[in-house]
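Right, one structure below, let's go through it.
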Amino acid sequence: MSLVTFAKIAWTIGVLAWFLIRLPFQIKARKTGVADARRKNAREMILLSISTCGLGLVPALYVTTGFPAALSYAPSPALATLGVMVFLSALWLFWRTHKALGRQWSVSLELRESHKLITSGVYEHVRHPMYSAFFLWALAQALLLPNLAAGFSGFVGFGILFFLRVGEEEAMMREAFGAEYDAYCARTKRVVPFLY
C-alpha cells in the first residue's frame with residue numbers, strides 16, 4: 001500500500017468515526033425541545049455548508065478521484081503519522097465535548113429547553129472545545145492529504161465558519177446566561193488553552 005493510499009484511508013476512517021461519534025448525540029438532541037432557534041437562519045446554513053465543503057466534500061473528491069492532481073506534492077511518512085495522531089486527538093476531544101453537552105448539543109446556533117452553561121471538563125479551559133476539535137481535524141487533514149486544495153480546504157472552510165460565527169454564538173450565550181457567561185469568558189480562552 002502506498003503512503004498516499006494509507007493517508008487517504010486514515011482520513012476516511014477519521015471522518016467515519018466522526019460521524020459515528022456524533023450520531024447518537026444527534027438522535028438524543030432531536031428529542032429535546034428547542035427553546036431559542038432565532039439564529040438558525042440562512043446565514044447559519046451557508047456557513048455550515050462552507051465548512052462541510054472544506055472538511056468533507058473537497059477532500060472526499062481528492063480521496064476518491066485524486067483531483068486536483070496538479071496540486072499534489074510528495075507525501076511524508078512523518079506528516080502522515082502525525083496526521084493520524086492529531087486526528088485521534090480531534091476525535092477524542094469531539095467525543096468529550098458531545099458527552100459534556102449531552103442533549104444540549106446542536107449543530108446550529110440554538111438553545112435547548114432547560115439549557116445550562118457547561119463550564120467543567122473540556123469546557124474548563126476553553127469555551128468552544130468543539131471548535132478546537134474541528135481545527136484539529138483541519139490540521140490532521142492538512143498533514144494527511146498531500147494536496148494543497150484537499151489538505152488545506154479544512155482550514156479555509158472551517159475557518160470561515162468559525163470567524164463569522166463565534167461572535168454571534170457568544171452573544172447568544174451572553175444573552176442567555178448574562179454575568180455567569182461573562183465570568184466564564186474572563187477565565188477561559190476561546191479555542192486554545194492559555195492563548196486564544
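The values are calculated or read from the model by the stated rules, or taken from the named source; none is laboratory data. Because the structure is predicted, anything quoted here is derived from the model rather than measured. Neighbour counts are summed over all protein chains in view; Cβ atoms, including those assigned to glycine, are modelled from backbone coordinates with ideal geometry. Remember, those area values only see protein heavy atoms, side chains included, never the ligands or the DNA or RNA. Shrake-Rupley method; radii C 1.70, N 1.55, O 1.52, S 1.80 Å.
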Can you confirm whether the range 60-79 contains a residue that is within 18 Å of the chain's Cα centre (by Cα) and modelled with pLDDT of 85 or more? yes
Selection count, the range 1-21, where residues are more than 18 Å from SER108 (Cβ to Cβ) and exposed (fewer than 14 other Cβ atoms within 10 Å of the Cβ): 7
Return yes or no: is THR97 more than 25 Å from LYS28 (Cα to Cα) and at pLDDT 95 or above? no
Which of the residues that make up the range 21-42 are free of Cβ contacts under 8 Å to residues at least 12 places away in the same chain and assigned to a helix (DSSP H, G or I)? LEU23, PRO24, ILE27, ARG30, ALA42
Could you please tell me which pairs satisfy a Cβ distance under 8 Å, a separation of 6+ or placement on different chains, a first residue in the range 101-115 that is without any contact (Cβ under 8 Å) to a residue 12 or more places away in the chain, and a second residue that is open to solvent by 30 Å² or more (accessible area, probe 1.4 Å) and assigned to a loop (DSSP other than H, G, I, E, B)? none
Answer from LEU93, LEU117, LEU139 - the residue that is touching a Pro at 6+ places or on another chain (Cβ under 8 Å) and aliphatic (A, V, I, L, M): LEU93
Condition set among the polar types (S, T, N, Q) and part of a helix (DSSP H, G or I), scope the range 1-20, selection nearest to the chain's Cα centre (by Cα): answer is THR12
Anything in the range 73-100 that is free of Cβ contacts under 8 Å to residues at least 60 places away in the same chain and of a type in the set (S, T, N, Q)? List them, or say none. THR81, SER89, THR97
Output the number of residues of the range 53-84 satisfying the condition of being part of a helix (DSSP H, G or I), open to solvent by less than 40 Å² (accessible area, probe 1.4 Å) and more than 25 Å from GLU110 (Cα to Cα). 6
Quick one: in the range 22-52, of everything that is surrounded by 19 or more Cβ atoms within 10 Å (Cβ to Cβ) and closer than 22 Å to GLY159 by Cβ, which residue is modelled with the lowest pLDDT? GLU44
